[in-house]
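What follows is one structure encoded as C-alpha cells, with my remarks underneath.
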C-alpha cells in the first residue's frame, strides 16, 4: 500500500520551477493546508500572500471532516445545523456542481470513501453488501440548504474535499486581484490558480502528470488568468490482497473506484471550484460521456488521458505533449 501525495507535490513544484512557472524574484509563501503543500507566489507585498494563505487556512478550519471544531464535523455529527455564511456559500457552490454533473460529483459519497480507508490510510476492500448499505445514504439531492441552515438525512455525511481546494484557490485569487495583483501563481497542491499572465505577458505553463509513470509528465498546457485542476487515480491508491489497484476516486453509482477508461482528467476554466469538481466528475464519466458533457455544458476546457493511451484535448487549449509520453494526442472537433 502506498501514498504518493508528498512525492507528487514535490515533483509538481520542481517542474513548475523548471518550466518557468514562477518568475524569479516575487515574494512567495509556502504552507501546509488541506493535507497538501501549497505555494503562493505573486508580485505583491508578502503580507498580501500571507493574508491569502490565512483565507485558505480559515476555509480548512471550517470544512475539515476530521477536526472536531469544524462546522462540517458538527453537521455530520448532528445531521444538520446552522453554519457561517462563508461555509453556506461553499456548500451552495458544491451542491450546484453536484446538480450540474447529475451526481457524477456527489459530496455525500464520504462514508463510502471512508469505508475504503482513504480518509485514514487503513485501506480495505469493503464487501458488496457493505457498499450497497452505504450507498443508501449517497444522494446529494436530499441535502437541504436554506440560507445558513443545513439539514442532512439520517445517516448521511458529507465531504467538501472534492471542491474545497478549487474554491479556496478561487477565493484567494479574487482576494489578491481586488488588492491590485495582476501576476501570480497559486499552487494548491497540483490544483493551480493563475492570476493574469507572467510579467513578460506570456502564459503560465502548467505540467500535466503522466498517470502511468510515477516521475514523468505527459505534457504542458498554457494558462492565463484561469485555474487548472487535475484528478487522477495515481494521487491516492492501494493494492488489495487480490492484486488489484484501487484508487480514491469513487463512482457514486457503484460505491467503488471509478473504472471509466479515464486515467486523469484536467479541467481549465475561470472558476477553480468548477475545475475541482469537474475533474472528478469527468474521471467518473469516462471519455465519451465527458466529451458529450463538454459539448452540452461549455464554459471549460479539458485534457483527458485515457487507458487507450490517448490524450483528448479541447480546441481552446495550447497543449504541448512531451516527446517521452506514450500518448496519441487528439484534439476534439468543435
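Summary of values
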read-out: Region 237-275, residues that are within 13 Å of the chain's Cα centre (by Cα) and in contact (Cβ under 8 Å) with a residue 60 or more places away in the chain; value: 248, 271, 272, 273, 274, 275
read-out: Only one of 52, 74 that is over 15 Å from residue 158 (Cα atoms), in a helix (DSSP H, G or I), more than 18 Å from the chain's Cα centre (by Cα) and at pLDDT 95 or above; value: 52
read-out: Condition met for residue 177 (farther than 21 Å from residue 66 by Cα and in contact with a helix residue (DSSP H, G or I) (Cβ under 9 Å, 6 or more places away or on another chain)); value: no
read-out: Some residue of region 241-256 being out of contact with any strand residue (DSSP E or B) (no Cβ under 7 Å at 6 or more places or on another chain), assigned to a helix (DSSP H, G or I) and either crowded, with 21+ Cβ neighbours inside 10 Å or at negative phi (or both); value: no
read-out: Filter pass, residue 108 being surrounded by 21 or more Cβ atoms within 10 Å (Cβ to Cβ) and out of contact with any strand residue (DSSP E or B) (no Cβ under 9 Å at 6 or more places or on another chain); value: yes
read-out: Top-ranked residue in region 1-49 [being out of contact with any strand residue (DSSP E or B) (no Cβ under 6 Å at 6 or more places or on another chain), assigned to a helix (DSSP H, G or I) and modelled with pLDDT of 50 or more; ranked as surrounded by the fewest Cβ atoms within 10 Å (Cβ to Cβ)]; value: 47
read-out: Region 81-94: number of residues that are surrounded by fewer than 19 Cβ atoms within 10 Å (Cβ to Cβ) and out of contact with any helix residue (DSSP H, G or I) (no Cβ under 6 Å at 6 or more places or on another chain); value: 7
read-out: Selected residue [on the phi > 0 side of the Ramachandran plot and either without any contact (Cβ under 8 Å) to a residue 60 or more places away in the chain or surrounded by fewer than 24 Cβ atoms within 10 Å (Cβ to Cβ) (or both)] from 161, 233, 180; value: 180
read-out: Residue selected from region 313-326 under the condition part of a loop (DSSP other than H, G, I, E, B), within 19 Å of residue 294 (Cβ to Cβ) and in contact (Cβ under 8 Å) with a residue 60 or more places away in the chain, by the criterion nearest to the chain's Cα centre (by Cα); value: 317
read-out: Matching residues in region 138-161 - criterion: being at pLDDT 95 or above and under 22 Å from residue 247 (Cβ atoms); value: 138, 140, 157, 158, 159, 160
read-out: Residues of region 144-156 classified as surrounded by fewer than 21 Cβ atoms within 10 Å (Cβ to Cβ) and on the phi < 0 side of the Ramachandran plot, total; value: 9
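The values are calculated or read from the model by the stated rules, or taken from the named source; none is laboratory data. Just so we're clear, the structure is a prediction, and the values are computed from it rather than from any experiment. Methodologically, a virtual Cβ is constructed for each residue, glycine included, from the backbone with ideal geometry; neighbour enumeration extends over all protein chains shown.
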